1. Within the range 129-141, is even one residue exposed (fewer than 14 other Cβ atoms within 10 Å of the Cβ), touching a Phe, Trp or Tyr at 6+ places or on another chain (Cβ under 8 Å) and not in a strand (DSSP E or B)?
2. Within the range 85-94, is even one residue over 30 Å from residue 133 (Cα atoms), surrounded by 13 or more Cβ atoms within 10 Å (Cβ to Cβ) and modelled with pLDDT of 95 or more?
3. Is it fair to say residue 372 is within 18 Å of residue 294 (Cβ to Cβ) and buried (at least 17 other Cβ atoms within 10 Å of the Cβ)?
4. Any idea which of (1) within 23 Å of the chain's Cα centre (by Cα); (2) closer than 17 Å to residue 232 by Cβ; (3) modelled with pLDDT of 95 or more is the one residue 204 doesn't satisfy?
5. Tell me, which residue of the range 164-187 that is of a type in the set (Lys, Arg) and part of a strand (DSSP E or B) is nearest to residue 67 (Cα to Cα)?
6. For residues that are surrounded by 14 or more Cβ atoms within 10 Å (Cβ to Cβ) and among the β-branched types (Val, Ile, Thr), scanning just the range 95-115, find the one that is nearest to residue 358 (Cα to Cα).
7. Can you pull out the residues in the range 123-167 that are of a type in the set (Ser, Thr, Tyr) and touching a Gly at 6+ places or on another chain (Cβ under 6 Å)?
8. Going through 283, 279, 384, 341 one at a time, which residue ends up being surrounded by 15 or more Cβ atoms within 10 Å (Cβ to Cβ), closer than 30 Å to residue 73 by Cβ and hydroxyl-bearing (Ser, Thr, Tyr)?
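The values are calculated or read from the model by the stated rules, or taken from the named source; none is laboratory data. Quick caveat, the model's predicted, so the values are computed rather than measured. Here the Cβ positions follow ideal geometry from the backbone for every residue, glycine too, while neighbour counts run over all protein chains shown.
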Amino acid sequence: MLARMGTTRLSKPDRWLAGLALLCFVPLLPAQPVPPPLDLSLPDLPTLSPWDAVFTLQNSAGYKDNVSLSAVRPTGSAFVRNQLEAMVFRLPLDGWEFNAFVSGEDTRFLTSEVVDREQNALAHAQLKKTWSEQWSSRLSGQYFYQNQVVDLSTSLATPTVLAVQSHTYSAHFAVRRMFAERWWWELEPTLTRQDFNSPLDDYWEGGPKLSLGRTYGQRSEATVSYELNHRPYDHREQSTRAAAAIPGSALAFTQHRAQLTWKHHWDEPRRWRTTAKLSYESSHDNGPGYYDFRKWQVSQQVRWTAPPWEVSFTGRFADYQYPHQPVAPGSPRAIERTDFSLNLRLERTFAKRLKWFLDYDFERSLANQPATGYAVNFVHSGVSWDF
């Protein structure tokens with residue numbers, strides 16, 4: 001019977017009555033709340049600051065076998081070194097880029113009776129503006145403090161090794177223009193003030209530098225540059241060919257320097273990189289030419305990087321000729337000098353901010369003038385922390 005009832009069809013009048021009853025019943029049902037619309041908005045993202053900073057503390061210990069760069073009585077000493085670096089930079093989000101670097105280094109020799117300490121400090125700041133795809137400019141300033149035994153053969157235009165305290169202030173302004181495909185030129189005038197402790201004389205130095213370069217491959221680059229500098233001394237006097245001072249005269253140098261630089265990455269991940277430099281420098285004084293000299297220099301660096309390791313090896317060779325400075329009074333032979341140096345550095349990263357390093361330097365200076373050459377070995381190892 002139920003089956004028969006399930007198949008019973010209502011007549012048309014009955015269907016109309018059922019629909020009318022349903023319409024009358026629906027308004028009596030309780031109202032259901034309307035669900036709120038979905039919030040499809042994204043949460044506020046943190047604002048990306050264009051500024052960042054990195055601080056590095058480095059501690060090391062080592063040995064230097066000729067702390068005074070002596071040609072006749074070299075003495076060695078163990079040492080400890082502490083160095084602190086700070087770098088602040090701004091990302092070029094709007095075409096403006098800024099970076100600043102400050103570094104201080106203190107070395108204490110533990111057993112030397114000749115030199116007990118060496119200290120260096122460096123501060124550098126640079127502001128760069130990219131004006132378009134072709135034009136950019138930068139302005140930079142630098143301060144360098146030095147308190148150590150140094151070779152001043154280039155600065156004084158005569159073979160000299162002294163313990164000095166010096167302050168160097170320099171300003172650079174550069175304009176760069178991209179042209180053709182990956183080619184660029186750059187004009188960079190500079191101005192430097194050099195202050196020494198007595199008995200060295202202070203001087204100003206300035207002039208333009210013009211560079212031409214081309215980038216290629218995996219961030220590789222070849223560059224040629226020419227630099228012209230004029231250096232007037234505050235009180236230093238000219239000298240005759242017999243090395244006698246000319247009273248009442250004022251000494252100044254005009255220096256020309258040309259350099260070819262080739263930096264090349266040998267593989268796509270840029271694990272292997274070499275940097276080769278070849279330079280020639282000539283200096284002429286404004287007097288009889290006693291301080292004139294010529295210098296050739298070539299250097300080569302090979303760097304290999306495969307995290308966590310980084311290894312670099314650098315070699316340098318330089319040849320000096322002082323055509324108007326005799327090896328001894330009355331000698332027809334002019335002073336000649338040859339320098340070469342080697343550097344080997346190993347680094348290993350143990351954690352994101354912790355590194356171990358080993359650094360070895362060898363330097364040798366040979367001259368045909370008695371008691372002017374020297375040799376020095378320098379090795380130290382330590383750790384550095386970034387924070």
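1. yes
2. Yes, there is a match, as at least one residue in the range 85-94 is over 30 Å from residue 133 (Cα atoms), surrounded by 13 or more Cβ atoms within 10 Å (Cβ to Cβ) and modelled with pLDDT of 95 or more.
3. Against the criterion (within 18 Å of residue 294 (Cβ to Cβ) and buried (at least 17 other Cβ atoms within 10 Å of the Cβ)), residue 372 qualifies.
4. Single failed check for residue 204: (1).
5. Residue satisfying both the conditions and the ranking: 176.
6. Checked the range 95-115; the qualifying residue nearest to residue 358 (Cα to Cα) is 107.
7. Selection gives 130 alone.
8. 341
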